[in-house]
Every structure is written in structure tokens, then in C-alpha cells.
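Student: Let me begin by handing over the structure; questions about it come next.
The values are calculated or read from the model by the stated rules, or taken from the named source; none is laboratory data. Keep in mind that this is a model prediction, so the values were computed, not measured. Positions of Cβ are backbone-derived with ideal geometry, glycine not excepted, and every protein chain shown enters the neighbour counts.
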Amino acid sequence: MNETKSIQCKGTIYVVQPGDTMYKIAKKYRINMETIMQNNPYLNVFNLKPGDEMCLPLKTSMPIENVHPYVVKSQQSLLDILKETGVTFEELAKLNRGVRQITLPAGTILILPNKK
């Protein structure tokens, strides 16, 4: 009888790409390598192969290359930022926890997705 082990992923399933290493993945998604190992006990993280799947404990699957910082200007409202950047509130809230305020203090740094 074949028994398959099922692990619940509390995050995002990442499919290993050619050239990936655990270090590259950890750096790309800003995750500690130890955390990756703890969340993937049945994966040989030292010998990753393209197509391997791993659980990354992320709220979003957006890598750091797909975002950029934005500095809030003096007396700029959230609506002003959305209009200026073309980002939706959902996109902004997904990347910036606690951004529910209508007015943000000047100098606040937000993370925005890159628009194509």
C-alpha cells in the first residue's frame, strides 16, 4: 500500500526553476533559509531540482524584484498615492500591512508593485 505524506502549506507553493538554490530563493523572497528548511522537511533543500515544489511561508508570492519603494510626500493622502502611482488599494494593502489610514506620515516608505 502506497502512503503519500500530505503537508499543508501555510503560504505559497514555489516551483524550483533551473539555476535556483535555497540561498537564491531565500534572498529573492526575503525569507530565512532555516525557515524554508523547517517548512519543507521532506525536501532535500541542498540538492534542489527544477520542478521541485517547496512551501514558502509568504502572504504574497511577489518576489522582491517585482516591487519598488515609494516615499510618501508631505500631506499626501492614500488616494493621492493611488492616483499618482496607478496602484490599486488591494495591491498596496497586500504589500504594506497597516496601510489602512487615509493620511500617512510624510517619509513613510511604501512598497509598490512594478507596473509593466
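Student: Which of the residues that make up segment 1-46 are modelled with pLDDT of 80 or more, in a loop (DSSP other than H, G, I, E, B) and among the aliphatic types (A, V, I, L, M)?
Tutor: 16, 31, 43
Student: In the set 94, 116, which member is part of a loop (DSSP other than H, G, I, E, B), modelled with pLDDT under 80 and at negative phi?
Tutor: 116
Student: Looking only at segment 32-46, which residues are exposed (fewer than 11 other Cβ atoms within 10 Å of the Cβ), more than 16 Å from residue 15 (Cβ to Cβ) and of a type outside the set (Phe, Trp, Tyr)?
Tutor: Listed by number, the residues that qualify are 32, 34, 41.
Student: For segment 47-59, name all the residues that are in contact with a helix residue (DSSP H, G or I) (Cβ under 7 Å, 6 or more places away or on another chain), assigned to a strand (DSSP E or B) and within 19 Å of residue 19 (Cβ to Cβ).
Tutor: Across segment 47-59, the qualifying residues are 54, 56.
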